[in-house]
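Take a look at the structure below.
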Amino acid sequence: WSLTHEPAAGEAVVVKHDMLLTTSTPRLWNCVVSNAMITFSNWNTKLWVSNSITITHTAGRTNLTHVGPYTQGQMSNRVWVACSNLIVQSAGMIDVSKRGYANTNGPGKGYGASHFGYGGGYWTGGKYSSGNLYDSIPDPSAPGSGGYSMYGPSGGHGGGVVRIEASGNVTVLGSIKANGQDGYERGDIHACAGSGGAIYIQCRKLMGSSSGSLRASGGASGWAGWGGGGGGIAVIYNVAAQ
């Protein structure tokens, strides 16, 4: 933290160095994440701010992410922020791609892992070999699942989870990503991909620009493998304020 002590409720802070957040913060006043990365650990860890969270950075580096990937038997993680206003500046990035369920894990695991959309697969035993669909369309909150390999254990990991609860405006000029991992990244050209994760945004008004993006895509397959299914994005906003 920018202060000479652990921040207390009501204080304004600037995060300038990488840090691991394992428990929720007190209710801060403002928080600026500047050229640094906060890694969230544990499902209930929350960055809690009364006024604004601003994410500013030079291009090419993640600002907020969470620990992962993880198996079904391990504690899961997510990025969870609560504030009045969130501003992701043009080079800022919240990225939990490849940080959901590890390969061969999750409720949608398969030859082409599934989540909100089916992964690729082949017809066998009266059904496709891709994983099962799961999660809630109005409240996407589950990580993406991991893919199999056609000839080994090395499929892609699923995308992670981002939850944003803002009473005011969310401005996305940069990117928020929860993509599944490409199969071939795992070093196996036959590997199947992980499915996309989950992004949930609750706000009064959503704003952005042509440079801003929200993405929870399934990964691409390796050669002779199968691609991952798409994740879920929900934006709950005040219609009259748009």
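The values are calculated or read from the model by the stated rules, or taken from the named source; none is laboratory data. What you see is a predicted model, and the numbers here were worked out from it, not measured in a lab. We place every Cβ from the backbone using ideal geometry, glycine too, and count neighbours over all the protein chains shown. Ligands, DNA and RNA are stripped out before the accessible areas are found, and what is left, the full protein with its side chains, is counted by its heavy atoms. Shrake-Rupley method; radii C 1.70, N 1.55, O 1.52, S 1.80 Å.
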Within the chain, the percent of DSSP beta bridges that are antiparallel, given to the nearest 5, stands at 5 percent
With Cα springs under 10 Å, the Gaussian network model of the chain assigns the largest mean-square fluctuation among Gly183, Gly126, Gly219 to Gly126
Residue separation between Ala241 and Leu133 times 0.36 nm, minus their alpha-carbon distance, gives in nm 35.5 nm
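What part of the accessible area of the stretch 42-86, given as a whole %, is carbon or sulfur when the probe is 1.4 angstrom?
49 percent
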Quotient of Cα radius of gyration and Kirkwood radius for the chain, i.e. Rg/Rh, equals 1.02
Karplus-derived 3J(HN,Hα) from phi for the stretch 195-211 (6.51 cos²θ - 1.76 cosθ + 1.60, θ = phi - 60°), whole Hz, x at Gly and Pro, runs 8, x, x, 9, 10, 10, 10, 10, 7, 6, 9, 9, 10, x, 7, 5, 8
For Tyr151, placing the label point 7 angstrom along Cα-to-beta-carbon and taking the stretch 189-220, residues whose amide nitrogen sits under 15 Å are 189-192
Percent antiparallel among DSSP beta bridges confined to the stretch 142-218, nearest 5, equals 10 percent
In Å, the C-alpha Rg and Dmax of the stretch 139-180 are 15.0, 49
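Return the Rg/Rh ratio of the stretch 1-89 with Cα-based radii and a Kirkwood Rh.
Rounded to two decimals, Rg over Rh is 0.97.
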With every protein chain kept in place and a 1.4 Å probe, the residues His5, His190 fall, from largest accessible area down, as His5, His190
Scoring the chain by relative contact order with C-alpha pairs under 8 Å, at least six apart, yields a percentage of 17 percent
Averaged per residue, the 1.4 Å probe accessible area of the chain, protein heavy atoms only, in Å², is roughly 43 Å²
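Leaving ligands, DNA and RNA out of it, rank Thr23, Thr56 by accessible area with a 1.4 Å probe, largest first.
Descending order: Thr23, Thr56.
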